[in-house]
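Working notes, beginning with the structure itself.
The values are calculated or read from the model by the stated rules, or taken from the named source; none is laboratory data. On a predicted model such as this, the values are computed, not experimentally measured, just so you know. When we count neighbours, we look across all protein chains shown, and the Cβ atoms used for this are built from the backbone with ideal geometry, even at glycine. The protein model used for the area step is the full one, side chains on, heavy atoms only, and it has no ligands, DNA or RNA in it. Shrake-Rupley method; radii C 1.70, N 1.55, O 1.52, S 1.80 Å.
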Amino acid sequence: TMSAAEDAGWLRWVTEQFGSIAGEDKEINLEEFKAALQVKESFFAERFFALFDSDGSGTISLEELLKALSLLVHGNETDKLRFLFQVYDVDGRIGVPALTRRGARSPRAGSGSIDPDELRVVLRWCLRESAIALPEERLGDLTLALFEAADKDHSGSITFEELREELEGFPEVMENLTISAASWLKPPPPVERSRRPRYLTQAYWHNHRSKLTFLGGYAGLNLLLFALAALRHAGLGGWVVVARGCGQCLNFNCAFLAVLMLRRCLTWLRATPIAKVLPLDQHVVFHQLVGYAVLALAAIHTGAHIANFSRLARQDGRHALAEYLLSARPGVGGLGGTASQTGLALAGLLAAMLAFSSPCVRRSGHFEVFYWTHLSYVSVWTLLILHGPHFWKWFAVPGCLFALEKVVGLAWRRAGGLRIVEVNLLPSKVTHLVIERPQFFHYKPGDYIYLNIPAIAAYEWHPFTISSAPEQQETLWLHIRSLGQWTNKLYEYFQQPESPSPEPKPLSRSLREKRCRSWAQVGADGAQLSANAKCYIDGPYGTPTRRIFTSEHAVLIGAGIGITPFASILQSIMYRYRQRKQSCPSCCYSWCEDLRDKEMTLRKVDFIWINRDQKHFEWFVSLLTKLEMEQAEQEPGGRFLEMHMYMTSALSKNDMKAIGLQMALDLLATKEQRDLITGLRTRTQPGRPDWNKVFGKVAEEKRGKVQVFFCGSPALAKVIRVHCEHFGFHFFKENF
């Protein structure tokens, strides 16, 4: 309920919006109404328009609009329900207004009851509005489930009273019933009182203490190095002091950049107590941060030297500034007095590396530009050794470790290529690669590898999470979403009827016939292909998800293809369940041992998968079905692993355009013990998760310390991170 001030503000808001939509006649016609309502299909727009147009004039005036909206916003449950009933009572041709002139009912107006055919028509449009595709047979099942539940007297039609009685079983629906797609119909959001920035809250500092401590130590060390170098050169003038101070910081930072890219060493450190102190999961982010710091320090360092050379040139009078910068001069520094020349070359290389490392370059189909410019780190370190007399002291240890990692990686890559034994082209342009597993390749659930396929790009290596469990001995699985240039080329390469391969292997007869019959449907329905392409891998490398098995209550959140690391983890969890299954020799009673041990302290796992539409669930639905069945067999009624599915394109239960559909889906899922969208026992929820409710339920369970692991878009990561801070949960995001 809105206050008087909020109500007045809402009325002004609607009036302004109406003025921006209406034409010169100050009325809204059906086409303008459809555009403003932002619906995918016209059915509901026409139904709402007919009900809003109280005088049957074919247009809606401001007065009619405010009257209708007041009913939806301020009306009681009966008012809202009666409006919903009128929307569903669609006797006659769809789209014909119920009122043709003031006070007169059309022959095609609603009959006052809803029969099965009307309900089927409405549910069909509900499915389209929610981007759900079902065969006619299943639509009939949905219609029957809802109709049988609502038709209390078995009269063959649903009356208003019967619909209200049925909806009483869904109190949360009626409480928030609205037309959610029409943003211009919503009241403006209330003005929030100024709150303390989240960066100053105790929860933020508690959840980020390792990162903040690290950043504080990093900043303090740089200040200390600058101060010590400045004091040593205090008598040489201000510009020299600044240049030397920045130079000493550059010695440290340029060597530290190598440390942050020691992936094998960092993966090893994740298994040690150091992982609890240092923010190893953020090493890529810190690498980027230090890169920016290096560029800033280099700019100040170069600028200070140029200013000093300019001062010397004015005092000397015999040498121009260009001579100081472009000619080798003994005593200036560097090998053979070439500090100026090597310094300018370094500045150019660093600027180029930063420019071509930006996301707009890497994600716009020009990854090779980023890749090749980044390889200039070899030239940078070489020039630094020639430029700075003390840099080698800082670089000796990390440089040797970096070189050793590269040698090991090169030896591993060139030890022999691996065969891609099978390729599955899945919906939404996802390529599922099945690669033969090397004999001594050991990894943890959630780890990732770098993949190179010479047939796609000879020199490009891209990171992908391993989606198969470590217990799967013979093959490795990768699920690759087509988002960039390389991944699109990969999908297209295996989509070709005759993919060229160094060692071509003919498709089996059945697969070949399948491809010939439905070649046009490969992208939509998926296809399984045998393959014999060669690839190389480098890894494995660890991620934050390695902490899952030492958590007590783990919440795994995957958005879209972000489920990939959790596919491996969930399979491994259930494998350990099977290993611990016990049976009584006398009565054959079976149970599972307590799963908590040194390697796995888990008491509860909540798995949340958020997808845009129905097709995206097809990637891993067979795996999730198997996991549900295994848990049901080994622990009947067990709640160790709970799944939560969300489909963002589906309208929520409190939206008038979807309330009937969601009620029908709930009823049918209860009847069949299966979700109609995915086939899982877990019911797919429409819309986006309400994180306050989701995390509130997790907190109420009190199953131990909660840790949240996320893999998906950065924008969603920020939202979830804020809610984790509010509830005091630890948050981990996968970073490559």
Breaking point among (1) open to solvent by 50 Å² or more (accessible area, probe 1.4 Å); (2) closer than 23 Å to F709 by Cβ; (3) in a helix (DSSP H, G or I), for A271: (3)
Unique residue being of a type in the set (S, T, N, Q) and in contact with a Pro (Cβ under 7 Å, 6 or more places away or on another chain) when the list is Q662, Q673: Q662
I want to confirm something. Restricting to segment 455-472 and keeping residues that are among the hydrophobic types (A, V, I, L, M, F, W, C) and closer than 25 Å to L627 by Cα, which single residue is most open to solvent (accessible area, probe 1.4 Å)? F464
Has segment 409-419 got at least one residue that is within 17 Å of N488 (Cα to Cα), in a strand (DSSP E or B) and either open to solvent by 10 Å² or more (accessible area, probe 1.4 Å) or among the polar types (S, T, N, Q) (or both)? no
Got a sec? Which of T382, T373, T342 is at pLDDT 80 or above, among the hydroxyl-bearing types (S, T, Y) and open to solvent by 60 Å² or more (accessible area, probe 1.4 Å)? T382
Scanning segment 133-158 residue by residue, those out of contact with any strand residue (DSSP E or B) (no Cβ under 8 Å at 6 or more places or on another chain) and not in a helix (DSSP H, G or I) turn out to be A133, L134, P135, K152, D153, H154, S155, G156
Could you list, in sequence order, all residues of segment 249-267 that are free of Cβ contacts under 8 Å to residues at least 60 places away in the same chain and within 16 Å of H390 (Cβ to Cβ)? C249, N253
Can you name every residue in segment 385-398 that is under 16 Å from G337 (Cα atoms), part of a helix (DSSP H, G or I) and open to solvent by 80 Å² or more (accessible area, probe 1.4 Å)? I385
Just wondering, is there one or more residues in segment 436-454 that are open to solvent by less than 20 Å² (accessible area, probe 1.4 Å), assigned to a loop (DSSP other than H, G, I, E, B) and under 19 Å from A533 (Cα atoms)? yes
Flagged in segment 28-43 as within 14 Å of A68 (Cβ to Cβ) and at pLDDT 70 or above, in numbering order, are I28, F33
I677: passes all of (1) part of a helix (DSSP H, G or I); (2) closer than 21 Å to V122 by Cβ but (1)
